[in-house]
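J.: Please see the structure below; I have some questions.
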Amino acid sequence: MTEEIFAQDGTVDKFMADGVMALFGAPLDYNDATERALRAALAMQQRFAQLKAHWSGDAAALGLGIGINTGEVVVGNLGSERKMDYTAIGDAVNLAKRLESIAERGQILLGEGAYRRAQAALPITELAPRQVKGKRELCRVFAVD
């Protein structure tokens, strides 16, 4: 999965359990960062399907759900003298994680910020608004077709 992120000039931020957090547009800014994230997500889904074709048993039932969001975040070396990481924090990051957590196997979900920037790039469908952890109001959610 990391190779697909790197192929679109993304930055692997961290591995979290069975997930990976990637940044597009940081540390280098790209006008098409959202499109790069989408291309990486589609390539990851394709690569996962190729890998899964060789698996059996419980592993064959695994799937890959992806959440993408775009918005203002704080990016940089964050932490303390004893522990410092290059990362991104902010509401846009949190929503991307929440979208990933509700994505079904094989699904790529977008937040409203990512949708606004990518709607012309791919067929995208608006889903029913969803309640996500940390938000009082329902969130608009979009799925890549």
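Nothing in this text is a laboratory measurement; each read-out follows from the coordinates by a stated rule. These figures come from a predicted structure and were not determined experimentally. No Cβ is skipped: glycine too gets one built from the backbone with ideal geometry, and neighbour counts run over all protein chains shown.
J.: Among residues belonging to the range 89-110 that are surrounded by fewer than 16 Cβ atoms within 10 Å (Cβ to Cβ) and without any contact (Cβ under 8 Å) to a residue 40 or more places away in the chain, point out the one that is nearest to the chain's Cα centre (by Cα).
T.: From the range 89-110, those surrounded by fewer than 16 Cβ atoms within 10 Å (Cβ to Cβ) are 89-91, 101, 104-106; that's our starting set.
Those left that are additionally without any contact (Cβ under 8 Å) to a residue 40 or more places away in the chain: 89-91, 101.
Numbers: Ile89: 14, Gly90: 14, Asp91: 14, Ser101: 10 Å.
Within the range 89-110, the match that is nearest to the chain's Cα centre (by Cα) is Ser101.
J.: Hey, another quick one. Could you tell me whether any residue of the range 92-99 is touching a strand residue (DSSP E or B) at 6+ places or on another chain (Cβ under 7 Å) and either of a type in the set (Ser, Thr, Tyr) or in a loop (DSSP other than H, G, I, E, B) (or both)?
T.: No, the conditions are met nowhere in the range 92-99.
J.: Being in contact with a Leu (Cβ under 8 Å, 6 or more places away or on another chain) and assigned to a loop (DSSP other than H, G, I, E, B) is the filter; apply it to the range 106-126 and report the residue that is nearest to Arg36 (Cα to Cα).
T.: Within the range 106-126, the match that is nearest to Arg36 (Cα to Cα) is Ala121.
J.: Additional query: Among the residues of the range 123-145, count how many are farther than 18 Å from Phe48 by Cβ, of a type in the set (A, V, I, L, M) and either surrounded by 12 or more Cβ atoms within 10 Å (Cβ to Cβ) or touching an Asp or Glu at 6+ places or on another chain (Cβ under 7 Å) (or both).
T.: 4
J.: List the residue pairs whose Cβ atoms are under 9 Å apart, where the first residue sits in the range 25-52 and is within 20 Å of Ile124 (Cβ to Cβ), the second is acidic (Asp, Glu) and assigned to a helix (DSSP H, G or I), and the two are 6 or more positions apart or on different chains.
T.: Going by the 9 Å Cβ cut-off, the qualifying pairs are Arg39/Glu4; Ala40/Glu4; Ala41/Glu4; Leu42/Glu4; Ala43/Glu3; Ala43/Glu4; Met44/Glu4; Gln46/Glu4.
J.: Looking at (1) assigned to a loop (DSSP other than H, G, I, E, B); (2) closer than 25 Å to Phe6 by Cβ, which is the only condition Gln45 fails?
T.: Evaluating Gln45 over (1) assigned to a loop (DSSP other than H, G, I, E, B); (2) closer than 25 Å to Phe6 by Cβ leaves (1) as the failure.
J.: Okay, moving on. Residue by residue through the range 21-41, note down the ones that are of a type in the set (A, V, I, L, M, F, W, C) and surrounded by 16 or more Cβ atoms within 10 Å (Cβ to Cβ). Walk me through it before giving the result.
T.: Keep residues of the range 21-41 that are of a type in the set (A, V, I, L, M, F, W, C), which gives 21-24, 26, 28, 33, 37-38, 40-41.
The answer is Met21, Ala22, Leu23, Phe24, Ala26, Ala33, Ala37, Leu38, Ala40, Ala41.
J.: Of all residues in the range 6-31, which are of a type outside the set (D, E, K, R) and assigned to a loop (DSSP other than H, G, I, E, B)? Give the derivation first.
T.: Pass one, the range 6-31, residues of a type outside the set (D, E, K, R): 6-8, 10-12, 15-17, 19-28, 30-31.
Of everything in the range 6-31, those that are of a type outside the set (D, E, K, R) and assigned to a loop (DSSP other than H, G, I, E, B) turn out to be Gln8, Gly10, Ala17, Phe24, Gly25, Ala26, Pro27, Leu28, Tyr30, Asn31.
J.: I've got another one for you. May I ask you to say which residue of Thr70, Thr34 is in contact with a Lys or Arg (Cβ under 7 Å, 6 or more places away or on another chain), under 19 Å from Val12 (Cβ atoms) and either of a type in the set (Asp, Glu) or assigned to a helix (DSSP H, G or I) (or both)?
T.: Numbers: Thr70 fails: either of a type in the set (Asp, Glu) or assigned to a helix (DSSP H, G or I) (or both).
Answer to the selection: Thr34.
J.: Residues that are on the phi < 0 side of the Ramachandran plot, aliphatic (A, V, I, L, M) and buried (at least 17 other Cβ atoms within 10 Å of the Cβ): does the range 4-12 have at least one?
T.: Quick first cut of the range 4-12, residues on the phi < 0 side of the Ramachandran plot only: 4-8, 10-12.
In the following step, the residues that additionally are aliphatic (A, V, I, L, M) were identified as 5, 7, 12.
Remaining after also requiring buried (at least 17 other Cβ atoms within 10 Å of the Cβ): 5.
Yes, the range 4-12 contains at least one residue that is on the phi < 0 side of the Ramachandran plot, aliphatic (A, V, I, L, M) and buried (at least 17 other Cβ atoms within 10 Å of the Cβ).
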